[in-house]
Amino acid sequence: MASAPTAGGISKVLSNPSPDSPSDVPDVVVQVIDLKATGNRYMFTASDGVMKLKAILPSNLTSDVISGNIQNLGLIRILDYSLNDIPNKSEKYLIVTKCEVVSPALEKEVKTEVKTEEAGTILKPKVELDDKSTFNNGSGIILKPKQELVAKSAAQIVHEQRMNMAPAARMSMTRRVQPLVYLNPYLGDWTIKVRVTDKGNLRTYKNAQGEGCVFNVVLTDEDGTQIQATMFNDAARKFYEKFSLGKVYYVSRGTLKVANKKFKTVQNDYEMTLNVNSQVDEVSNEAAFVPETKYNFVKIDMLGPHVNGRDLVDVIGVVQNVSSTMSIRRKINNETAPKRDVTIADETKKTVVISLWNDLATTVGQELLDIADQSPIIALKYLRVGDFQGVSLSTISRSSITINPDIKEAHDLRSWYDSEGKAVSMSSVSSGLSPSTKSGSRSMYSDRISLSHILENKSLGEEKPTFFSIRAYVSFIKPDQTMWYRACKTCNKKVTEAIGSGYWCDNCQKNDEECSLRYIMVVRVSDASGEAWVSTFNEEAERIMGCSADELDQLKSQIGEENSYQLKLKEATWVPHLFRVSVSQNEYNNEKRQRITVRSVAPVDFAAESRFLLEEIAKMKAS
């Protein structure tokens, strides 16, 4: 084991700035000097005892520094690296992409004295030279002229060979392909080999700088690492047709910057921008290049904190139920889209409903329906977490589903389900909305406000709905309001009485003999600060009323001295509830009004509520 830096190690690195393979990497041990954190990575000075070079450890080596494996004044052997120029400077940066620890921290910095020989010493070349190819400058040093003709001839030969190759092959030969995990803004000249795993639409925008267009792609390398690449204006128009979903490309001459967490859709600290000078070459015959899918699974009982968040989640679960396909009419463009609901469960003994949309509903959804009795395991990537019925999941255009994946998490889940999960009683994750914040349930205990906060801030929900939690009582329910509507039993859309008999559904385009009633009512809620009218829909209203709309309709139709309908409404008032509400702005008669909608309801868990209030009191005392 080396106990000192390699003599002349920095010179060896400088003479070979970009080794093509691990066998070309020189055996160099350097001392780590001035190790310090910069963002999510570490910088240091690499020293061989004589020369020094500024260096960077990428983020994947940060854990080695934190754990103490790599120490200041310690020795490391460089196993892989690249050398990059510092912008606007003549210096270079050493990017250490792989290394091994040789020694912990030494007592002090190693400094080697350089002994110089007398000026009259003659430096003998390795090969004897004739008089025509040597020159003596009079100082005793024999100089050999640069053999320009031979070098030029070799360059010409290599150039001709490269010109006969396809662009992608030339790039592969002349540039070293970097894994995505090693890319960073300091890496000057890089080439990546990636597959396009998601392609967005070419969109137009308008801002203070003018109008333009933009589109982005998600690029995935062989290790499964992903990065989002964005192109604007001329670059967007140039590469929109060039990039095809599923194809493999060599990409170079792009720029990287720290990803904006507000708009980040992939797990990468950086995002890429390609301009008109960027190089994109398709790689042919790369069917075998299949990126490994990397998951970051979230347990079902921990989905609460992600409700209505920007982050997309990955989940894995055992299929419990698969619905038939429904046609849903979108409010945006009035077009219909196929939808199918799949219910899954995991080891937390919780279930969640996932809405599959478009092709996923008709292809993978149908496959799941056919094998639902086998309780398959599915892994889903890139799902959006919504607050429909408390907590729900839905697919987007870039979501993916793998049935019975060959991964450790799937094998563990299958073992649990076969041994005990089948017999366990499962409950919906939405039914656990009233536990303490410790369970991660954001829907009821985060963003807690009073009603006065909503009523006094008339601008709430102007741009988009805002979400809050409140603790309040239902103080009044109008008995003469329209409390429900007739709904199709298949899609829950409104139906009308058909000519002759039955009920006609425009959405399903069919006539049914029966329909169901679904709540759509307004109630007044009150707390210590004020009161407000809120809109409630079927599932939330059922929790408030304690019965279905069909049951309440039967009570309303009864005639007697004591009206059971009025009594049921009275029983539902002055009961405390925890509400998760959204606040939006609606326009009525050219006047903007606040609309408060109940998104979920849960009974008050007084023990959990007491803990919450004690935490709030402690915060007040601390401030």
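The values are calculated or read from the model by the stated rules, or taken from the named source; none is laboratory data. Keep in mind that what you see is a predicted model, and the values were worked out from it rather than measured. Here the Cβ positions follow ideal geometry from the backbone for every residue, glycine too, while neighbour counts run over all protein chains shown. These area figures cover heavy atoms from the full protein model, side chains too; ligands, DNA and RNA do not enter into them. Shrake-Rupley method; radii C 1.70, N 1.55, O 1.52, S 1.80 Å.
Here residue 431 clears all of (1) in a helix (DSSP H, G or I); (2) under 22 Å from the mean Cα position of the chain (by Cα); (3) at pLDDT below 90 except the condition numbered (2). Of the set (1) modelled with pLDDT under 85; (2) open to solvent by 60 Å² or more (accessible area, probe 1.4 Å); (3) assigned by the TED database to the domain that holds residue 468; (4) closer than 30 Å to residue 429 by Cα, all apply to residue 608 but (2). Tallying residues that are in contact (Cβ under 8 Å) with a residue 24 or more places away in the chain, out of contact with any Leu (no Cβ under 8 Å at 6 or more places or on another chain) and more than 19 Å from residue 409 (Cβ to Cβ) within segment 372-387 yields 2.
Consider segment 297-329 and keep the residues that are acidic (Asp, Glu) and over 24 Å from residue 371 (Cα atoms). The one that is modelled with the lowest pLDDT is 311. For segment 493-534, a tally of residues being part of a loop (DSSP other than H, G, I, E, B) and either over 40 Å from the mean Cα position of the chain (by Cα) or aliphatic (A, V, I, L, M) (or both) returns 9. For the residues 236, 229, the requirement of being open to solvent by less than 20 Å² (accessible area, probe 1.4 Å), closer than 22 Å to residue 397 by Cα and in contact (Cβ under 8 Å) with a residue 40 or more places away in the chain singles out 229.
Against the definition (modelled with pLDDT of 90 or more, of a type in the set (Lys, Arg) and either under 30 Å from residue 323 (Cβ atoms) or in the same structural domain as residue 355 (by the TED database) (or both)), how does residue 524 come out, yes or no? It is false that residue 524 is modelled with pLDDT of 90 or more, of a type in the set (Lys, Arg) and either under 30 Å from residue 323 (Cβ atoms) or in the same structural domain as residue 355 (by the TED database) (or both). If you go through segment 243-279, how many residues are assigned to a loop (DSSP other than H, G, I, E, B) and either closer than 21 Å to residue 189 by Cβ or in contact with a helix residue (DSSP H, G or I) (Cβ under 9 Å, 6 or more places away or on another chain) (or both)? The total comes to 8.
I'd like to check which strands (runs of 3 or more DSSP E) are fully inside segment 11-95 and have at least 3 residues that are charged (D, E, K, R) and either open to solvent by less than 70 Å² (accessible area, probe 1.4 Å) or at pLDDT below 90 (or both).
Ranges flagged: 75-85.
Looking across segment 524-557, the residues that are among the charged types (D, E, K, R), free of Cβ contacts under 8 Å to residues at least 24 places away in the same chain and in contact with a Phe, Trp or Tyr (Cβ under 8 Å, 6 or more places away or on another chain) come down to 542, 556. Residues in segment 458-489 that are free of Cβ contacts under 8 Å to residues at least 60 places away in the same chain, open to solvent by less than 60 Å² (accessible area, probe 1.4 Å) and not in a strand (DSSP E or B): 481, 488. Residues in segment 260-279 that are modelled with pLDDT of 85 or more, open to solvent by less than 40 Å² (accessible area, probe 1.4 Å) and not hydroxyl-bearing (Ser, Thr, Tyr): 3 in all.
For every residue, the table says whether it meets (1) at pLDDT 85 or above; (2) under 24 Å from the mean Cα position of the chain (by Cα); (3) in the same structural domain as residue 278 (by the TED database).
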site: 148; (1), (2), (3): no, no, no
site: 155; (1), (2), (3): no, no, no
site: 160; (1), (2), (3): no, no, no
site: 168; (1), (2), (3): no, no, no
site: 174; (1), (2), (3): no, no, no
site: 200; (1), (2), (3): no, yes, yes
site: 215; (1), (2), (3): yes, yes, yes
site: 238; (1), (2), (3): yes, no, yes
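Residues of segment 309-346 that are open to solvent by 60 Å² or more (accessible area, probe 1.4 Å) and under 23 Å from residue 424 (Cβ atoms): 320, 321. For a quick check of your reading of the model, give me the residue pairs whose first member lies in segment 584-595 and is in the same structural domain as residue 462 (by the TED database), whose second is in a strand (DSSP E or B) and at pLDDT below 75, with beta-carbon atoms closer than 6 Å and at least 6 apart or on different chains. Listed by first residue and then by second, the contacts come to nothing, as the list is empty. Against the numbered list (1) assigned to a loop (DSSP other than H, G, I, E, B); (2) of a type in the set (Lys, Arg); (3) modelled with pLDDT of 85 or more, residue 340 comes up short only at (1).
Give the residues of segment 565-594 that are basic (Lys, Arg), modelled with pLDDT of 90 or more and within 40 Å of the chain's Cα centre (by Cα), sorted by residue number.
Looking only at segment 565-594, we keep the residues that are basic (Lys, Arg), and these are 568, 570, 580, 592-593.
Filter again for modelled with pLDDT of 90 or more, leaving 568, 570.
Matches in segment 565-594: none.
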